[in-house]
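Single-structure report; data block below.
The values are calculated or read from the model by the stated rules, or taken from the named source; none is laboratory data. These figures come from a predicted structure and were not determined experimentally. For neighbour counting, all protein chains shown are included, and Cβ atoms are generated from backbone atoms with ideal geometry for every residue, glycine included.
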Amino acid sequence: MNRKALLEKVADYMVSKGKMLSINEYKAASDKPINYVLLRRAWGSWSRLTQLIQSNFPEKWEAIHNPKATAKPKKAEKVEEK
């Protein structure tokens, strides 16, 4: 799996959690998609990983930081007949 695919999996995981997890939260999670050691080996630091998610997947970054804003269903407009 290439680095961009790893990054996308982690971004999708963060979107499903509704927030950007800290290193300790990610390590403690039992349902994480990729082991922390592999992520650390690929990017060197957690802050670099978060920067890359922000620059490569801006729509997922918004979903992570504003889960309610992106998850709102659109309401159908009511049409009144006279």
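Scanning the range 44-60 for residues that are of a type outside the set (Ser, Thr, Tyr) and either closer than 14 Å to Ser16 by Cβ or free of Cβ contacts under 8 Å to residues at least 40 places away in the same chain (or both) yields Gly44, Trp46, Arg48, Gln51, Ile53, Gln54, Phe57, Pro58, Glu59, Lys60. If you filter the range 47-67 down to residues that are within 11 Å of Leu7 (Cβ to Cβ) and of a type in the set (A, V, I, L, M), you find that the one that is surrounded by the fewest Cβ atoms within 10 Å (Cβ to Cβ) is Leu52. I want to confirm something. Restricting to the range 18-32 and keeping residues that are surrounded by fewer than 12 Cβ atoms within 10 Å (Cβ to Cβ) and within 16 Å of Ile53 (Cβ to Cβ), which single residue is modelled with the highest pLDDT? Ranking the qualifying residues of the range 18-32, first place goes to Ser22.
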